[in-house]
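Here's a structure for you.
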Amino acid sequence: MIRTIRRSRQLRRSAGFATTLVTALLLTACGSGPDTANAAAVVGDRTIALDDVQTEIRWLLDNAPQAQEAQQQRKVDQISREIVRSRVVHELLGVAERREGLRIDEAQVDALIEGSGGLDAAARSIAVEPSRVRTVARDQLLLEELGTAYQNRLTVRYVGAMITGSDAGATDSEVAQELGRRIAADPGDVERIVRESGHQLIEQRMTLSDALTQDPELAISAVFGAEQGSVVVIQPSQQQVGWLVALVEERTVRQTATEQPAEQQIDPRLLYWVGLRQLQPIADELGVEINPRFGVWDSAAVAPAASEDEVTGYQWESRTVQP
């Protein structure tokens, strides 16, 4: 079992729940595949019951002001996907918890709930039913711990290109996807493929620790979550346009890590997102299937997306995975 690096008590305290729960509403779409007819999602061999998700949605409609407001605005699907997302994350996190030997103090869970106004207030503010508040609080703290466990152990080396423009017959996204497919089909010739495409070659080796201080958006992106040999096509920045096409040639997780200097300690809110990203390899390994009424699984976002046309990125396993 891999040793977990512990943070100071000060950093491990969270002022409130992570602001990751969108304010929206109910499932309404129709149709579901045969394997998910009675399931909201399937994670490996574990099923997330559709009835449980529907019960939570009904509670939110009756009790959560943001859900009631969203209903009036006829926003019908975002909260349902968020509920499914949090339940999928819980299943994936259970695997990570066992593998990494993660531990948290249950008193921290109590403090997080009390700091959010108590059980009922927290349920309304973060849009989950009361019976799940403690689970969501615990998951938040575990994700911070998971982020901490990886921040000084993970290194990736990738090669690819940044696509910032379209051409006469394709958007920048389409250009990036086509380049990604070509690289995945012939990863050993990635440098030639990129140069022949007319784009500048990017070659980068970066630790997660350095990325967290130099480029936090990259640190929590699929570049640091995809398995070795994968090709990812993502938008690495919300502030800048462009798609990164990257072949992850190497992904190394050391067994042990050095302690992080005090002046470089990372905000727990960022570590939460780092931890969430480190669930991506587990999701890829086990497989995540979403009931079509909730959309599709978006590996690049580690979350459901409304449709294939609305995923945040793309990922392919290359034909020849690097050793």
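Two decimals is fine: what's Rg over Rh for the stretch 264-307, C-alpha atoms, Kirkwood radius as Rh?
Reported Rg/Rh (Cα atoms, Kirkwood Rh): 1.11.
Starting from the Cα of E250, step 7 Å along the direction of its Cβ; do the same at E227; then give the gap between the two resulting points in nm.
So the label points at E250 and E227 sit 2.0 nm apart.
How much accessible area per residue does the chain have, counting only protein heavy atoms and a probe of 1.4 Å, in square angstrom? Please list the in-between numbers first.
On the way: 15230 Å² over 323 residues.
Per residue, the chain has 47 Å² of solvent-accessible surface.
Taking 0.36 nm per residue of separation and subtracting the Cα-Cα distance, what length does fully extending A185 through N38 add?
49.2 nm
Still on this structure, please answer the following. Could you give the length gained by full extension between S197 and S173, i.e. 0.36 nm per residue of separation minus their alpha carbon distance, to one decimal place?
Residue separation times 0.36 nm, minus the Cα-Cα distance, leaves 7.2 nm.
With r defined as the distance between the Cβ atoms of Q73 and A107 and R0 fixed at 30 Å, what FRET efficiency is calculated, to the nearest 0.05?
0.15
Ok, one more. Write down Rg/Rh for the stretch 115-193, rounded to two decimals, with Rg from the C-alpha atoms and Rh from the Kirkwood relation over Cα pairs.
1.29
Same structure, new question: Please give the FRET efficiency for A306 paired with L119, using the beta carbon to beta carbon distance and R0 = 35 Å, rounded to the nearest 0.05.
Approximately 0.65, to the nearest 0.05.
Rounded to the nearest 0.05, what FRET efficiency is calculated for R98 and S131 with R0 set to 25 Å and r the Cβ-Cβ distance?
According to the calculation, E is roughly 0.60.
Bin by bin, in steps of 5 Å, what percent of the Cα pairs in the stretch 192-305 do you find, going until the bin that has the longest distance?
2, 10, 17, 23, 19, 15, 9, 4, 2, 0
Which distance in nm do the two modelled labels at T164 and R58 give, with both placed 7 Å along the Cα-to-Cβ direction?
The modelled label-to-label distance comes out at 5.4 nm.
Quick one: pull the percent of accessible area on the chain belonging to carbon and sulfur, 1.4 Å probe, ligands and nucleic acids left out.
45 percent
Let me ask another. Considering every Cα-Cα pair within the chain, what fraction, in whole percent, is farther apart than 27 Å?
Counting every Cα pair in the chain, those more than 27 Å apart make up 47 percent.
So who's got an amide H within less than 5 Å of the one on L102, skipping anything under 5 residues away but keeping other chains? H placed 1.01 Å off N, in plane.
none
If you don't mind, there's one more thing I want to ask. One-quarter of the Cα convex hull surface for the stretch 140-252, in nm²?
The number I arrive at for the stretch 140-252 is 7.5 nm².
Using a Gaussian network model of the chain whose springs link C-alpha atoms within less than 10 Å, name the residue from A96, A67, A37 with the highest mean-square fluctuation.
Result for the chain, Cα springs under 10 Å: A37 fluctuates most.
So what J values fall out for the stretch 167-175 if you push phi through Karplus, 6.51 cos²θ - 1.76 cosθ + 1.60 with θ = phi - 60°, rounded to Hz, Gly and Pro as x?
Rounded to whole hertz, the list is 10, 4, x, 8, 6, 4, 5, 5, 4.
Related question: Considering amide H positions built from the backbone, and no H for Pro or chain starts, which residues 5 or more places from L244, or on another chain, come under 5 Å of its amide H?
The answer is I163, I234, Q235.
Sticking with this one: Working from the alpha-carbon coordinates of the stretch 32-155, get Rg over Rh, Rh being the Kirkwood radius.
On the Cα set of the stretch 32-155, Rg over Rh gives 1.01.
The values are calculated or read from the model by the stated rules, or taken from the named source; none is laboratory data. No experiment lies behind these values; they were computed from the predicted model shown. Please note: Cβ atoms are built from the backbone with ideal geometry, for glycine as well, and neighbour counts cover all protein chains shown. Areas reflect the complete protein model, heavy atoms only, side chains present, ligands, DNA and RNA absent. Shrake-Rupley method; radii C 1.70, N 1.55, O 1.52, S 1.80 Å.
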